[in-house]
2 protein chains.
Amino acid sequence: MNESIARSVPYGIRGCLIDCIKDPFFYHNEQSVRWFIDGLLVIRSGRIIACGDYEKTIQNYPNLFVTDYRDRLITPGFIDTHVHYPQTAIIASYGKQLLEWLEKYTFPEERKFQNIDYAAQVADIFLNELLRNGTTTSMVWSAVFPESVQALFQAAKSRNLRLITGKVMMDRNAPDYLLDTAETAYSESRSLIEQWHGCDRLSYALTLRFAPTSTPAQLKITQQLQNEYPSVYLQTHLSENFGELAWVKELFPNENDYLEVYEKAGLVHDRSVFAHGIHLSSSEFQRLSDAGAAIAFCPTSNLFLGSGLFKLHEAKLNTISVGLATDIGAGTSFSLLQTANEAYKVGQLQGHTLSAIQMLFLLTLGGARSLSLDDTIGNLNIGKEADFVVWNLKATPLMAFRNAAPLKNWDDVNDRLFSLMMMGDDRCVEATYILGDRVTLS
Amino acid sequence: MNESIARSVPYGIRGCLIDCIKDPFFYHNEQSVRWFIDGLLVIRSGRIIACGDYEKTIQNYPNLFVTDYRDRLITPGFIDTHVHYPQTAIIASYGKQLLEWLEKYTFPEERKFQNIDYAAQVADIFLNELLRNGTTTSMVWSAVFPESVQALFQAAKSRNLRLITGKVMMDRNAPDYLLDTAETAYSESRSLIEQWHGCDRLSYALTLRFAPTSTPAQLKITQQLQNEYPSVYLQTHLSENFGELAWVKELFPNENDYLEVYEKAGLVHDRSVFAHGIHLSSSEFQRLSDAGAAIAFCPTSNLFLGSGLFKLHEAKLNTISVGLATDIGAGTSFSLLQTANEAYKVGQLQGHTLSAIQMLFLLTLGGARSLSLDDTIGNLNIGKEADFVVWNLKATPLMAFRNAAPLKNWDDVNDRLFSLMMMGDDRCVEATYILGDRVTLS
């Protein structure tokens, strides 16, 4: 069958559908979630055109070709709001804490991404890992070299992925071989934006490593780029580690706190995504909220580097948009399920128990809101892009034993979703769909 | 070939051997570890008769039949020092903290273990999970019913496993259907000890749930059993959760602290293993050390229930024996690799970075010392029982990419061991050997 005809004819996906329609940090779980144990998703031309109970919905689509995933869970594709693709090869490198880790592992590896062939090879591996783990949208860090951005955008384009990335900007306090200047950061970013921002499902993010590695001049040209291209994103790191905090204080003695460095550069707005934010003050939380900026919560990384426990509860009380993130390579898994597992544990240690629905929200609609993409992705609403994942709840012998009984009611669905997050990994991904097409990993 | 002949003829296992010979919390890693990139293990009649560099060692064994696992890591079998087999089915159950979790999930599930058929079914699944994950020795909790102990010992015996378990004793503050009495606890435990303690590789542990669920009368008969059978173990829980601590204080107003409850009952000695010990005082650490008692450190469980961060560093400074433990079902994985991953993170959060060798020690020789079994298992010394695991360092696409280069030197071995602990799971277990026989999972 001709592919373009196939895509314009509706087809169905049958299984246990579950998605978020409201924020469960502010509404009851039951009000925030939509679920159909025997559900039907109808797709045409890459978009969702119906979502409901199978028996009812199928009435409107006689002769619909349906793929049967009953007893599997189907969720919107997961969203990774902070991940470094040039760090794929250095995952699980032994080290102390942030600043030494950067010096010892990150910088030497990132140097290799000047070579577009190496960059393309890793971009392939990286995107395959995302898809194998059910991650369909991501906000990604490339390296300082424009070649690294080209390679990733090309690889994402060929897979029809929704992806955001940008060239790292850093012009001081890193090895010479990784430094740009204010001028080259400006010209290279501009040219990448012109080429890629808005191309298919791709968007550009101004990608400032963090305050200590940019001169005031570079912060200024970042602001200039933001003004010239108001729809591009801004991604950076914020308040991850005490050593980093002390360093920022030393380098920016006239700013009252870390966030103010970015505020003065005009970089705190509703398209900004700040990774970590572990040691933010109440005032910083409040100002992030006022600006509509988002935080990427990276639990496996925060624990691996001993950075600390993110105060998700406080961020949400301040109505800040928060997404979950693997933060590969300081994060220890590409799986956003395992990331949710550790987010849960970070909550437990602080006496705030996350529900399965709250975690699902962070992984889907909450992540989409953090990236201002909730009109396009994040749940199974009619009209949204058909990025979704089919989860096998019996993917390992232990899960098969634990989850042997069929799904009968809301308690079962909720329990299985939770168990998926605690016990699941890439083996549970039975299928990943991008714009309604099932992904075949190359 | 006849099996008994096969076992009496030496045979070889070739691969990258690594084990601990000293405690790396007190000696440098390099002094504590023994490794051969191309090593040979020679086995006869279930025991190790040689361990060394392949080229040298093979000289002494012309015509040796050798199984080739080059580029794989071979370690002693892992030791799980605290795990509840009747909680296999309730892993990853959503809850708050310890005491509610027991009420809601644990007790109703444990009730089922009065039925020996159900117990036998779960015992099979449980032991297969241990072996699939490279765990060859374990100190296990059964349920209150003698049937549950019978089922597990039978299943372990049929697999030639080294395993310790016992009937739970609790005669108050739990649902009626789970309570024994001081008298039945005594008579049932005694009869199980007579039947099983010292049978093949099996040992018995007096298994007191924790202080709040035993009357002073039951504590007393436990002491009596300990006196009558000095070589049986004692396992219980200690200082896991603040709610528990307050409860102990209320129930035992005359004791100065939690440990003193057990001390007064004569249960703190060199065959005692206490799970958790998160909130121990300096005095309690010191007294545990003086008594030669051990602690089972259960990081995934401690995080899952929000119990807190175990002070491993302080325990080791007090020269207390510590083993790692999954604590299924509050623990979230049967994999002791993933358990090491979270032990590392618990250390990082406290500013104490664990080395890969320190984690290997906790999983092998350290665990063996905690169970007073280091004359028998725990490393690859000549004469020890041949329980070991072959680890595939390229078991997933991501690991294959990260670990593509061949092992060349100590830095490589150390790095791969660390990456195995951070990224690995049951997929990395290429083979588990029990007494020199490769396990086939039923």
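The values are calculated or read from the model by the stated rules, or taken from the named source; none is laboratory data. Bear in mind that the values here come from a model prediction, so they are computed numbers and not experimental data. Virtual Cβ from ideal backbone geometry, glycine too; neighbours counted across all protein chains shown. Note: areas computed on protein heavy atoms with side chains; ligands, DNA, RNA excluded. Shrake-Rupley method; radii C 1.70, N 1.55, O 1.52, S 1.80 Å.
Being among the small types (Gly, Ala, Ser) and open to solvent by 30 Å² or more (accessible area, probe 1.4 Å) is the filter; apply it to region B:212-241 and report the residue that is farthest from B:Val168 (Cα to Cα). Even if it seems obvious, please write down each step before you answer.
Keep residues of region B:212-241 that are among the small types (Gly, Ala, Ser), which gives B:214, B:217, B:231, B:239.
Next cut, open to solvent by 30 Å² or more (accessible area, probe 1.4 Å) only: B:217, B:231.
Working: B:Ala217: 15, B:Ser231: 18 Å.
Across region B:212-241, the extreme among qualifying residues is B:Ser231.
Please find, within region B:397-411, the residue that is farthest from the chain's Cα centre (by Cα) out of those that are surrounded by 13 or more Cβ atoms within 10 Å (Cβ to Cβ) and more than 14 Å from A:Ala89 (Cβ to Cβ).
Here is the first cut: in region B:397-411, the ones surrounded by 13 or more Cβ atoms within 10 Å (Cβ to Cβ) are B:397-403, B:407, B:410.
Going one step further and asking which of them are more than 14 Å from A:Ala89 (Cβ to Cβ), we end up with B:407, B:410.
Values: B:Leu407: 29, B:Trp410: 27 Å.
It comes out as B:Leu407.
Any idea how many residues of region A:282-298 are under 10 Å from A:Val268 (Cβ atoms) and among the aliphatic types (A, V, I, L, M)?
Total meeting the criteria: 3.
Cβ-Cβ under 6 Å, sequence separation 6+ or interchain: first residue in region B:298-320 and at positive phi, partner assigned to a loop (DSSP other than H, G, I, E, B) and modelled with pLDDT of 95 or more. Which pairs?
These pairs meet every condition: B:Gly308/B:Ile278.
Could you tell me whether region B:344-352 includes any residue that is under 27 Å from B:Cys51 (Cβ atoms) and not hydrophobic (A, V, I, L, M, F, W, C)?
The first filter runs over region B:344-352 and keeps only residues under 27 Å from B:Cys51 (Cβ atoms), leaving none.
No, region B:344-352 has no match at all.
Given the criteria within 13 Å of chain A (Cβ to nearest Cβ), among the β-branched types (Val, Ile, Thr) and within 17 Å of B:Leu420 (Cα to Cα), does B:Thr353 qualify?
yes
Can you confirm whether A:Val389 is modelled with pLDDT of 95 or more, surrounded by 22 or more Cβ atoms within 10 Å (Cβ to Cβ), under 14 Å from A:Gly77 (Cα atoms) and within 14 Å of chain B (Cβ to nearest Cβ)? Explain how you work it out, then say what you get.
Values: modelled with pLDDT of 95 or more: yes; surrounded by 22 or more Cβ atoms within 10 Å (Cβ to Cβ): yes; under 14 Å from A:Gly77 (Cα atoms): yes; within 14 Å of chain B (Cβ to nearest Cβ): no.
Against the criterion (modelled with pLDDT of 95 or more, surrounded by 22 or more Cβ atoms within 10 Å (Cβ to Cβ), under 14 Å from A:Gly77 (Cα atoms) and within 14 Å of chain B (Cβ to nearest Cβ)), A:Val389 does not qualify.
Scan region A:426-441 residue by residue and report those that are open to solvent by 10 Å² or more (accessible area, probe 1.4 Å), within 14 Å of another protein chain (Cβ to nearest Cβ) and in contact (Cβ under 8 Å) with a residue 40 or more places away in the chain.
A:Asp426, A:Val429, A:Leu441
Of the numbered conditions (1) in contact with a Lys or Arg (Cβ under 9 Å, 6 or more places away or on another chain); (2) at the interface with chain A (Cβ under 10 Å from one of its Cβ atoms); (3) surrounded by 24 or more Cβ atoms within 10 Å (Cβ to Cβ), B:Ala293 fails exactly one; give the number of that condition.
Exception for B:Ala293: condition (2).
Within the set of pairs 6+ apart or on separate chains, which have a first residue in region B:123-142 that is at the interface with chain A (Cβ under 10 Å from one of its Cβ atoms), a second that is part of a strand (DSSP E or B), and C-beta atoms under 7 Å apart?
From region B:123-142, the pairs are B:Arg132/B:Val429; B:Asn133/B:Val429.
Please specify each residue of region A:9-42 satisfying the condition of being of a type in the set (A, V, I, L, M) and out of contact with any helix residue (DSSP H, G or I) (no Cβ under 6 Å at 6 or more places or on another chain). Lay out the reasoning, then the answer.
The initial filter retains those residues of region A:9-42 that are of a type in the set (A, V, I, L, M), namely A:9, A:13, A:17-18, A:21, A:33, A:37, A:40-42.
The answer is A:Val9, A:Ile13, A:Leu17, A:Ile18, A:Ile21, A:Ile37, A:Leu41, A:Val42.
For region A:11-98, which fully contained strands (runs of 3 or more DSSP E) count at least 2 residues that are open to solvent by less than 10 Å² (accessible area, probe 1.4 Å) and closer than 28 Å to A:Ile295 by Cα?
Values: elements: A:11-20, A:33-44, A:47-53, A:65-76, A:78-84.
Output list reads A:11-20, A:65-76, A:78-84.
Restricting the search to region A:44-96, which residues are within 14 Å of another protein chain (Cβ to nearest Cβ) and on the phi > 0 side of the Ramachandran plot?
Hit for region A:44-96 is A:Ala92, nothing else.
Determine if region A:152-159 includes at least one residue that is within 12 Å of chain B (Cβ to nearest Cβ) and either in contact with a Cys (Cβ under 7 Å, 6 or more places away or on another chain) or not β-branched (Val, Ile, Thr) (or both). Steps first, answer last, please.
The first filter runs over region A:152-159 and keeps only residues within 12 Å of chain B (Cβ to nearest Cβ), leaving none.
No, region A:152-159 has no match at all.
Out of everything in region A:311-350 that is within 12 Å of another protein chain (Cβ to nearest Cβ) and among the hydrophobic types (A, V, I, L, M, F, W, C), what residue ends up being surrounded by the fewest Cβ atoms within 10 Å (Cβ to Cβ)?
Residues of region A:311-350 that are within 12 Å of another protein chain (Cβ to nearest Cβ), as a first pass: A:326, A:328-335, A:337-338, A:340-350.
Still in the running and among the hydrophobic types (A, V, I, L, M, F, W, C): A:328, A:330, A:334, A:337, A:340, A:343, A:346, A:349.
On the way: A:Ile328: 29, A:Ala330: 29, A:Phe334: 29, A:Leu337: 22, A:Ala340: 26, A:Ala343: 27, A:Val346: 24, A:Leu349: 19.
In this case the residue turns out to be A:Leu349.
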